[in-house]
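Novice: Here it is, the structure, as structure tokens.
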Amino acid sequence: MNSLHYQKNKLFFDQLDLEELSKGITTPFYLYSENLIKQNIKEYISQSNDKTLFCYSVKANSNLSILKLIASQGMGFDVVSMGELYRVIKAGCDTKKVVYSGVGKTRAEIRYALENNILCFNVESEGELFVINDEASAMGTTANISIRVNPDVAVESHPYISTGLKDNKFGITYKNALSLYIKASKLSSLNIIGIDFHIGSQITSIQPFIDSIKSIRSLVSDLKKENINITHIDVGGGLGISYDGEDIVGKADYIKEITDSLRDLNVNILFEPGRSVIGDCGLLVTQIQYIKESKTKNFMIVDASMSELIRPPLYNAFHKITPILKRDKGHKKYDIVGPVCESADFLGKERSMNSEVYDLLVIEDVGAYGFVLSSNYNTRPKPSEYIISNGSIREIRSADTLDQILTNELK
Ligand code: LLP
């Protein structure tokens, strides 16, 4: 969807001329579109009802302005750390719409979440169940919980981002789920409210979700027999976006199919979308510094790198790379690489390009898992972030200064 298009030879994003917009901004920088984020959310909300709650997965993009914007559109949040919950609170959002996932919640994190009255813990192990009960009891309160069940559904995605199989670290195996629910029902400071699953990320079709729901439905009826009645099913996140023309089930269809398949159970349905809310709403703008050509290989060396965007080396992820100024001359194949001292530091390989030194390029569809995975590797400042809002741009995070990078270090 990302709305990029040329007018004559100039690239526009959300109606703004990117060359004009970039004047005076130090590259590389992230640029998001409020309109596009709102459109994505609208597609989700259009198929929802009073039994649906969307909990945006904060890990996808956790900038405070973005969280505030997403909350203003009616979404809650899925968090996986004290830090993410802290962000949600700082952004002024409602903690009663927060679910807390993650395999390694510490006691301190659990206490913090209890103090802040979150909606539900998605429990990922037996040990965690007892720790949550313990902490809630010590605080004289009760904790709402779901157990994250692993439906053991194969998902065609990168192995690093598929999570629903029985041999990965997430959730409880389907086989053990019922007995763990029974144990949970005997713990006096726990209040069982749901079942949760999350099978992976960048999923393109509806089938794996429907397959998972089949096994979850039979767990619901097993639980009923034990007198354990849940009020919600959390189907996780995972809906993909089209990075390279892939066919992806539409958001409205995805919501409708899942809601239809659970309607007779009369439970609330929670969704934890991340990438599909913001992935196609963000660009990374970078400038070519050098062009290095030889008989065997051509490189465009740009000022963005794996420090700002690690998805290409980490997952072999494809992101389109598009020049802001379209030139008419012959194209050649280039690897687009950054200045970091690693051979893995590439943003794209074998791309057909004809840009010149100091031209600007955009790396597309980096709204999710872009900035959040950036680092200060090679003592590179994390870049600034901007958002287009009501036809003009606003800075929502300034780039690190070198002193900020060093600030916690002692000589
Ligand atoms: N819920 C849970 C429990 C999750 O672990 C995740 C993502 C989500 C929701 C949101 O999934 P989404 O709707 O964004 O697919 N860094 C990787 C993606 C890792 C996803 C981790 N979990 C990437 O850049 O592709």
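The values are calculated or read from the model by the stated rules, or taken from the named source; none is laboratory data. Only a predicted model underlies this, so the values are computations on that prediction, with no experimental measurement involved. Cβ coordinates were reconstructed from backbone atoms using ideal geometry, including for glycine residues, and neighbour counts include every protein chain displayed. The protein model used for the area step is the full one, side chains on, heavy atoms only, and it has no ligands, DNA or RNA in it. Shrake-Rupley method; radii C 1.70, N 1.55, O 1.52, S 1.80 Å.
Novice: Less than 13 Å Cβ to Cβ from SER221, Lys/Arg counted +1 and Asp/Glu -1: what total charge do the surrounding residues give?
Specialist: On the way: positive: LYS214, ARG217, LYS224, LYS225; negative: ASP222, GLU226, ASP264.
Net of charged neighbours comes to +1.
Novice: At 1.4 Å probe size, with the rest of the protein present, what percent of the exposed accessible area of the chain is carbon and sulfur atoms?
Specialist: Ligands and nucleic acids excluded, carbon and sulfur reach 48 percent.
Novice: Just to check I understand the Karplus step: with θ = phi - 60° and J = 6.51 cos²θ - 1.76 cosθ + 1.60, what whole-Hz values come out for the stretch 200-214, glycine and proline as x?
Specialist: Along the stretch 200-214, the couplings run x, 10, 6, 8, 9, 10, 7, 3, x, 5, 5, 4, 5, 4, 4 Hz.
Novice: Can I ask one more? GLU84: net charge of surrounding residues, Cβ under 12 Å, Lys/Arg +1, Asp/Glu -1, itself excluded?
Specialist: Here the count lands on +2.
Novice: Now for a different question. Give me, ordered by chain and number, the residues 5 or more places off ILE336 or on other chains with an amide H under 5 Å from its own placed amide H.
Specialist: Those qualifying (amide H under 5 Å, at least 5 residues apart or on another chain) are MET300, LEU347, GLY348, LYS349, GLU350, ARG351.
Novice: Let me have the 222 nm mean residue ellipticity of the chain computed from DSSP H runs of 4+ only, each contributing -39500 (n - 2.57), with the sum over all residues rounded to the nearest 500.
Specialist: -8000 deg cm²/dmol
Novice: Treating only the Cβ atoms of Lys and Arg (+1) and Asp and Glu (-1) as charged, compute the dipole magnitude of the stretch 34-276 about its Cα centre; round to the nearest 20 debye.
Specialist: Working: 26 positive and 29 negative charges, 110 e Å.
Result for the stretch 34-276 is approximately 520 debye, rounded to the nearest 20.
Novice: Follow-up. Within 10 Å of each candidate Cβ there may be at most 15 other Cβ atoms; applying that plus a DSSP loop requirement, which GluC sites (Glu not before Pro) in the stretch 253-346 survive? Mind dumping the intermediate values first?
Specialist: On the way: sites: GLU257, GLU293, GLU308, GLU342; in loops: GLU308, GLU342.
The qualifying sites are GLU342.
Novice: Now for a different question. With both partners inside the chain, how many of the DSSP beta bridges are antiparallel, as a percent to the nearest 5?
Specialist: For the chain, the DSSP antiparallel bridge percentage is about 45.
Novice: On a 1.4 Å probe surface of the protein chains, which of CYS93, CYS341 comes out largest in accessible area, and what is the full order?
Specialist: Largest to smallest exposure gives the sequence CYS341, CYS93.
Novice: Quick one: net charge of SER48's neighbours, Cβ under 11 Å, K/R +1, D/E -1?
Specialist: Once all neighbours under 11 Å are counted, the net charge is +2.
Novice: Shifting gears a bit: Taking the Cα centre of the stretch 1-95 as origin, work out the dipole magnitude from +1 charges on Lys and Arg Cβ and -1 charges on Asp and Glu Cβ, in debye rounded to 20.
Specialist: That gives a dipole near 80 debye.
Novice: Which residue fluctuates the most in the chain, going by a Gaussian network model with Cα springs under 10 Å, if the choices are ASP196, ASP50, ASP345?
Specialist: Of ASP196, ASP50, ASP345, the most mobile in the Gaussian network model is ASP50.
Novice: Residue farthest toward the positive end of the dipole of the stretch 274-377, with Cβ of Lys/Arg at +1 and Asp/Glu at -1: which of GLY274, LEU361, HIS331?
Specialist: My answer, from the dipole projection, is HIS331.
Novice: What ³J(HN,Hα) values, in whole Hz, does the Karplus curve 6.51 cos²θ - 1.76 cosθ + 1.60 give for the stretch 60-71 when θ = phi - 60°, with x put for Gly and Pro?
Specialist: Each residue's phi maps through the Karplus curve to give 5, 6, 10, 4, 4, 5, 5, 4, 4, 4, 5, 5 Hz.
Novice: Of all DSSP beta bridges located in the stretch 203-337, what percent are antiparallel, nearest 5?
Specialist: Just about 40 percent of them are antiparallel.
Novice: Spin-label point model (7 Å from Cα, Cβ direction): what's the LYS183 to VAL103 distance in nm?
Specialist: Label at LYS183, label at VAL103, 1.7 nm between them.
Novice: Enumerate the amide H contacts of VAL123 below 5 Å, restricted to partners 5 or more residues apart or on another chain; note that Pro and chain-start residues carry no placed amide H.
Specialist: SER146, ILE147, ARG148
Novice: Still on this model: Taking R0 as 35 Å, what FRET efficiency do you get between ASP328 and THR26 from their Cβ-Cβ distance, rounded to the nearest 0.05?
Specialist: After rounding, the FRET efficiency stands at 0.75.
Novice: Continuing with the same structure: Using 32 Å as the Cα-Cα cut-off, could you pick out the over-long pairs in LYS96/LYS251; LYS42/LYS175; LYS51/LYS224; LYS8/LYS68; LYS295/LYS320?
Specialist: With Cα atoms farther than 32 Å apart: LYS42/LYS175; LYS8/LYS68.
Novice: Place +1 on the Cβ of every Lys and Arg and -1 on the Cβ of every Asp and Glu in the stretch 34-276, take the dipole about the Cα centre, and give the residue among ASN116, ASN176, LEU223 whose Cα lies farthest towards its positive end.
Specialist: Most positive-ward Cα: ASN116.
Novice: Once Lys and Arg get +1 and Asp and Glu get -1 on their Cβ, which of ALA138, LEU69, ASN191 lies farthest toward the positive end of the dipole of the stretch 34-276?
Specialist: ALA138
Novice: Give me the angle, in degrees from 0 to 90, between the Cα long axis of helix 251-262 and the longest principal axis of the Cα atoms of the chain, rounded to the nearest 10.
Specialist: On a 0 to 90 degree scale, this one is about 10.
Novice: Please state the charge dipole magnitude for the chain, taken about the Cα centre, from unit charges on C-beta atoms (+1 on K and R, -1 on D and E), reported in debye and rounded to the nearest 20.
Specialist: 40 debye
Novice: If you don't mind, another one. Going down the table (LYS10/LYS297; LYS90/LYS411; LYS256/LYS326; LYS292/LYS326), which pairs top 30 Å between alpha carbons?
Specialist: LYS90/LYS411; LYS256/LYS326
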